[in-house]
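A quick write-up on the structure given underneath.
The values are calculated or read from the model by the stated rules, or taken from the named source; none is laboratory data. If you're wondering where the values come from, they're calculated on a predicted model, not measured in any experiment. FYI the Cβ positions are ideal-geometry reconstructions off the backbone, even for glycines, and counts take in every protein chain you see.
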Amino acid sequence: MSDLHIIIAESGIILARGADMTFREFQDIYPDFMTSLGPMDRDGVFDTFEIEWPDILVINHDTIRTFVDAQGNDRKAEVRLAMNGGPP
């Protein structure tokens, strides 16, 4: 399913669900929103992190995998990713 977005905010990187979300809606939800990539599927998310932010992928690999592979009630709307070994 292609409903994943990588959101770049001043506070960090957020992985979110929302196939039909618009740029404006992201601005409303995330006050420090800068830009987003998506919608994309699981492979697109991992490919993007491998190319653009390999260090963030290493730090957050399990978090990203759990988020994108979640099913049913385990599907969260978003997850904030740790940057440079720090907390999300």
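Okay, here's what the table says:
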| read-out | value |
| --- | --- |
| Selection status of PRO88, in contact with a Lys or Arg (Cβ under 6 Å, 6 or more places away or on another chain) and either surrounded by fewer than 18 Cβ atoms within 10 Å (Cβ to Cβ) or at pLDDT below 95 (or both) | yes |
| Which listed residue, of PHE23, PHE46, is among the aromatic types (Phe, Trp, Tyr) and farther than 16 Å from LEU81 by Cβ | PHE23 |
| Complete set of residues in the stretch 2-22 that are touching a Ser or Thr at 6+ places or on another chain (Cβ under 7 Å) and outside any loop (DSSP other than H, G, I, E, B) | HIS5, ILE6, ILE7, ILE8 |
| Residue in the stretch 69-78 that is surrounded by 14 or more Cβ atoms within 10 Å (Cβ to Cβ) and either of a type in the set (A, V, I, L, M, F, W, C) or part of a loop (DSSP other than H, G, I, E, B) (or both) present | no |
| Qualifying residues in the stretch 10-54 (those that are hydroxyl-bearing (Ser, Thr, Tyr) and surrounded by fewer than 12 Cβ atoms within 10 Å (Cβ to Cβ)) - the one nearest to the chain's Cα centre (by Cα) | THR35 |
| Scan of the stretch 8-17 for residues that are touching a strand residue (DSSP E or B) at 6+ places or on another chain (Cβ under 6 Å) and free of Cβ contacts under 8 Å to residues at least 60 places away in the same chain, ordered by number | ILE8, ALA9 |
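Conditions tested, residue by residue: (1) under 18 Å from ARG65 (Cα atoms); (2) at pLDDT 95 or above.
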| site | (1), (2) |
| --- | --- |
| LEU15 | yes, yes |
| GLY18 | yes, no |
| MET34 | no, yes |
| ASP41 | yes, yes |
| ASP47 | yes, yes |
| ILE51 | yes, yes |
| PRO54 | yes, yes |
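Quick grid of which residues meet (1) within 17 Å of GLU10 (Cα to Cα); (2) without any contact (Cβ under 8 Å) to a residue 60 or more places away in the chain; (3) among the small types (Gly, Ala, Ser):
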{"residue": "GLU25", "(1), (2), (3)": "yes, yes, no"}
{"residue": "ASP32", "(1), (2), (3)": "yes, yes, no"}
{"residue": "SER36", "(1), (2), (3)": "yes, yes, yes"}
{"residue": "ASP43", "(1), (2), (3)": "no, yes, no"}
{"residue": "ASP47", "(1), (2), (3)": "no, yes, no"}
{"residue": "ILE59", "(1), (2), (3)": "no, yes, no"}
{"residue": "THR63", "(1), (2), (3)": "no, yes, no"}
{"residue": "ARG75", "(1), (2), (3)": "no, yes, no"}
